[in-house]
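Presented below is the structure to which this report refers.
The values are calculated or read from the model by the stated rules, or taken from the named source; none is laboratory data. Because the structure is a prediction, the values reported are computed rather than measured. Cβ placement follows ideal geometry from the backbone for every residue including glycine, while neighbour counts extend to all protein chains displayed.
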Amino acid sequence: MNFRSITIKKQSCFTILILLLVYAGSIVCTAFKKNSAGPISNHLPDSLYAGSSACIKCHKNIYDSFIHTAHNITSRPASSEFIKGKFDGGKNHFRYNPFMEVLMEKKDDGFFQTVYINGDPNQSERMDVVVGSGKNGQTYLYWKDDLLYQLPISYHAGTNSWCNSPGYPPGLPRFDRPIVGRCLECHGSKATIEDAGNSVNYIEKQSIVYGVDCERCHGPAAEHVTFHTAHPQEKTATYILSQKSLNRQQKLDLCALCHSGGREAMKPPFSYKIGDKLEDFSLPAYNTDSVAVLDVHGNQYGLLTSSKCFKTSRMTCSSCHNVHGREVNQPALFSQRCINCHNSQTKTLCTIKPSAAIVLSDNCIDCHMPLLPSKAIVLQLEDQSTSTPDFIRTHRIAIYPEITAQFIKKSKVKGK
């Protein structure tokens, strides 16, 4: 054995030692736990809720459509039905370096993410909760007693592959990011939460209502169900919130609660109720006067309100979105909603002279609300030299000359 090979082995051992020390530190942090400082969630009493399944009897068509929407499946207990990533050999790993990788493993008692260091298994945690519908991606959570933490590996739909969880370091698997009440406030409908200190929340497992369900937007329905079961002839909705009863800002606030980017909470999670003024519960953690700071990943509300279409109309989110239906990858459908306002009567038609290959009414979206890269979230793929931004459709309705030119060029090619 020559001197060079001895040196390389020493360097390899030293590298593994450093990785083990750092990794051990993360495990210690994960295990840290403080005494509860008291409840911080503020949802209404459970007795007022009926559960979404109670809606089926009278609203079956709406219910059957809604259960397939991204809102409804934005969180779920982990199962093969909801986890999008692959567990097949060769497709189930994420390699950080030659000495360390994470394997996604399917076992008899569940799905796991396991760290292997130099081929030996180290920390292994169950994938207990799926967050994200899978349209753009998913991330996964695990329970440690009554605390929820994010797992190191997520799923990227664009490449149909595993990726580093957003915000985690690209060179080391971590298991120590706590999931707080604010996360569940937007990815769930109800939960009982207590403050554990150090930005950690205790969460009562059985109290979680996963997904954004009917009562999240219409309010508790127990009285409504009881009344209309006893009075089936009554057709006027009673003891339930109708969106028609809300003014424009109230409708916008309902969506902005979760679609307006980072916010500084002033009241506990689940305090906001439909019809409340959102600014009484949280404030934007960004400069609302600057469009430049609005990111397509999280602040679709801010981008929409900066649009001329919004400023010169009475439009709300529901002017374009039917939250009861799964309307994914249907540009013609959304374009028809654009044409409700942009038509010959209002003299606001598109000024582009299309080629024979382009039907303008079929796709306003890719030109005026294009897919843009997120400035906030960049995903690291297994190939350490490759990273990809998370592409999201911007809600700033505007003219994008370069993107429009590319769209026309592609359309001409397809038309040949």
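Scanning the stretch 133-145 for residues that are farther than 15 Å from residue 166 by Cα and surrounded by 23 or more Cβ atoms within 10 Å (Cβ to Cβ) turns up just one, 133.
Comparison of 155, 140 shows that the only residue that is out of contact with any Lys or Arg (no Cβ under 8 Å at 6 or more places or on another chain), closer than 26 Å to residue 102 by Cα and not in a loop (DSSP other than H, G, I, E, B) is 140.
For first residues located in the stretch 244-269 and under 15 Å from residue 288 (Cα atoms), partners that are in a strand (DSSP E or B) and among the aliphatic types (A, V, I, L, M) and lie 6+ apart or on another chain with Cβ distances below 6 Å form the pairs 264/283. Of the strands (runs of 3 or more DSSP E) lying entirely inside the stretch 170-267, the ones with 3 or more residues being at pLDDT below 90 and not polar (S, T, N, Q) are found at 193-197.
Where residues in the stretch 275-309 are among the hydroxyl-bearing types (Ser, Thr, Tyr) and surrounded by 14 or more Cβ atoms within 10 Å (Cβ to Cβ), which of them is farthest from residue 246 (Cα to Cα)?
That would be 286.
Selection over the stretch 346-369 of residues that are at pLDDT 85 or above, among the hydrophobic types (A, V, I, L, M, F, W, C) and in a loop (DSSP other than H, G, I, E, B) gives a count of 2.
Taken as a whole, the condition of being under 19 Å from residue 206 (Cα atoms), at pLDDT 95 or above and of a type in the set (Ser, Thr, Tyr) does not apply to residue 69. Looking for something surrounded by fewer than 15 Cβ atoms within 10 Å (Cβ to Cβ) and over 26 Å from residue 128 (Cα atoms) - is there at least one such residue anywhere in the stretch 249-256? Checked against the condition, which is being surrounded by fewer than 15 Cβ atoms within 10 Å (Cβ to Cβ) and over 26 Å from residue 128 (Cα atoms), the stretch 249-256 yields at least one hit. If we scan the stretch 307-327, do we find a residue that is among the small types (Gly, Ala, Ser) and modelled with pLDDT under 80? Checked the stretch 307-327: no residue is among the small types (Gly, Ala, Ser) and modelled with pLDDT under 80. Criterion applied to 154, 207, 199 was being in contact with a strand residue (DSSP E or B) (Cβ under 8 Å, 6 or more places away or on another chain), crowded, with 19+ Cβ neighbours inside 10 Å and farther than 25 Å from residue 316 by Cβ, and the one residue passing it is 154.
Here's the yes/no breakdown for (1) surrounded by fewer than 16 Cβ atoms within 10 Å (Cβ to Cβ); (2) under 24 Å from the mean Cα position of the chain (by Cα):
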{"site": "345", "(1), (2)": "yes, no"}
{"site": "348", "(1), (2)": "yes, no"}
{"site": "353", "(1), (2)": "yes, no"}
{"site": "360", "(1), (2)": "no, no"}
{"site": "366", "(1), (2)": "no, yes"}
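Within the set 130, 102, the sole residue that is touching a residue at least 24 places away in the same chain (Cβ under 8 Å), part of a strand (DSSP E or B), crowded, with 16+ Cβ neighbours inside 10 Å and over 17 Å from the mean Cα position of the chain (by Cα) turns out to be 102. Evaluating residue 53 against the criteria (1) closer than 30 Å to residue 325 by Cβ; (2) exposed (fewer than 14 other Cβ atoms within 10 Å of the Cβ); (3) touching a residue at least 40 places away in the same chain (Cβ under 8 Å) leaves one unmet condition, (3). Assessment of the stretch 375-383 against the conditions (in a strand (DSSP E or B), in contact with a strand residue (DSSP E or B) (Cβ under 6 Å, 6 or more places away or on another chain), surrounded by 12 or more Cβ atoms within 10 Å (Cβ to Cβ) and at pLDDT 80 or above) yields at least one matching residue.
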